[in-house]
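The values are calculated or read from the model by the stated rules, or taken from the named source; none is laboratory data. Note that this is a predicted model, so its numbers are computed, not measured. Backbone-built Cβ (ideal geometry, glycine too); neighbour counts: all protein chains shown.
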Amino acid sequence: MQYQGWLEKPHRGRKTSTQSVMLKVSDILTKKGVQAFLEVDFTDQKLSYKRKEESLAKEALRDGKFVFKTNTNLPAEQVVTSYKTLMNVDRAFREIKNFLDVGPVYHWNEKRVRGHIFVCVLAYLFEQEI
């Protein structure tokens, strides 16, 4: 593992504690999204890990499939179609904002947020008509 060197040398004269190492490892695994698939142990200044085969097998069953959680009563096919359409809308908004050279816009009140969304939807409809 690339962090073994970090674990072996002291930081500012302090020895690494088991708790600090496990917190760092947990943070890294969470950021990478793999915490459910590895069992990590730190003993005698050595970091070791083992794959959780059962978790990997469960994840393999879902591999390549969409999992949606929604609060609508729409049929599954319609939910998936709506989601895929959303990707097209996001792409169109990104293209419009890049063309207009609009950076991130931060609104702090509801009236301005609604106005911004209205302009974006209007621009999207305009693009679709052209």
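Taken over region 16-50, the criterion of being touching a Lys or Arg at 6+ places or on another chain (Cβ under 9 Å) and aromatic (Phe, Trp, Tyr) is satisfied by Phe37 alone. Going by the structure shown, is Tyr83 aromatic (Phe, Trp, Tyr) and within 29 Å of Ile28 (Cβ to Cβ)? Answer is no for this residue.
Counting only residues that are closer than 28 Å to Leu122 by Cα and part of a helix (DSSP H, G or I), region 68-84 holds 8 of them. Could you tell me whether region 48-67 includes any residue that is touching a residue at least 40 places away in the same chain (Cβ under 8 Å) and either farther than 14 Å from Cys120 by Cβ or loosely packed, with under 10 Cβ neighbours inside 10 Å (or both)? Yes, there is a match, as at least one residue in region 48-67 is touching a residue at least 40 places away in the same chain (Cβ under 8 Å) and either farther than 14 Å from Cys120 by Cβ or loosely packed, with under 10 Cβ neighbours inside 10 Å (or both). Applying the condition of being touching a His at 6+ places or on another chain (Cβ under 8 Å) and outside any helix (DSSP H, G or I) to region 85-129 and asking which residue is modelled with the highest pLDDT yields His107. Restricting attention to region 75-130, and to residues there that are surrounded by 10 or more Cβ atoms within 10 Å (Cβ to Cβ) and of a type in the set (Phe, Trp, Tyr), which single residue is nearest to the chain's Cα centre (by Cα)? Filtering first and then ranking leaves Tyr83.
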